[in-house]
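Notes for the one structure printed next.
Since every read-out is calculated from the coordinates, none of them should be taken as a lab result. Treat the numbers as computed from the prediction; the structure is a model and nothing was measured. Cβ: placed from backbone, ideal geometry, glycine included. Neighbour counts: every protein chain shown.
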């Protein structure tokens, strides 16, 4: 299944970046944008949000899932001080659960609907695909930041 392959590929690449040195973790993909360290923390937080949404939608269809303010999370959870190892372990622990549910329910229950508080009506298949595309989006930012090495 293509979405599982995407989840595996984005997981593997993301996990490699957690072991970057401090100089690379401080790089940004554009002026005023988050450094790689923040992107990795954000990917971890997003992973936990996605996992919770998937389980809620499976358990309570037509669920309303709430938008979350990524900048508020970065500030309140103090991404500048949060140990990267904590986020790596959480990311590494949550992705297998997402992959499990994707493999089990992508085809059979992908039609189950939920309401996103900002984006409106969606279905579970979209949510599974969104995990991989969101991760890929941020991997592109990391690659850009690391490509800007001097």
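Please pick out the residue among 147, 110 that is free of Cβ contacts under 8 Å to residues at least 24 places away in the same chain and more than 21 Å from residue 59 (Cβ to Cβ). So that I can check it myself, show each step before the final result.
Numbers: 110 fails: more than 21 Å from residue 59 (Cβ to Cβ).
Exactly one residue qualifies, and that residue is 147.
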Practice problem: State the number of residues belonging to the range 77-101 that are in contact with a helix residue (DSSP H, G or I) (Cβ under 9 Å, 6 or more places away or on another chain) and either assigned to a loop (DSSP other than H, G, I, E, B) or touching a residue at least 40 places away in the same chain (Cβ under 8 Å) (or both). | Solution: 16
Practice problem: Select from the range 117-144 the residues that are touching a helix residue (DSSP H, G or I) at 6+ places or on another chain (Cβ under 9 Å), surrounded by fewer than 18 Cβ atoms within 10 Å (Cβ to Cβ), within 17 Å of residue 62 (Cβ to Cβ) and touching a residue at least 12 places away in the same chain (Cβ under 8 Å) and list them in ascending order. | Solution: 123, 125
Quiz item: Is it the case that some residue within the range 12-20 is touching a strand residue (DSSP E or B) at 6+ places or on another chain (Cβ under 7 Å) and over 17 Å from residue 127 (Cβ atoms)?
Solution: no
Quiz item: Is at least one residue of the range 17-38 within 14 Å of the chain's Cα centre (by Cα) and free of Cβ contacts under 8 Å to residues at least 40 places away in the same chain?
Solution: no
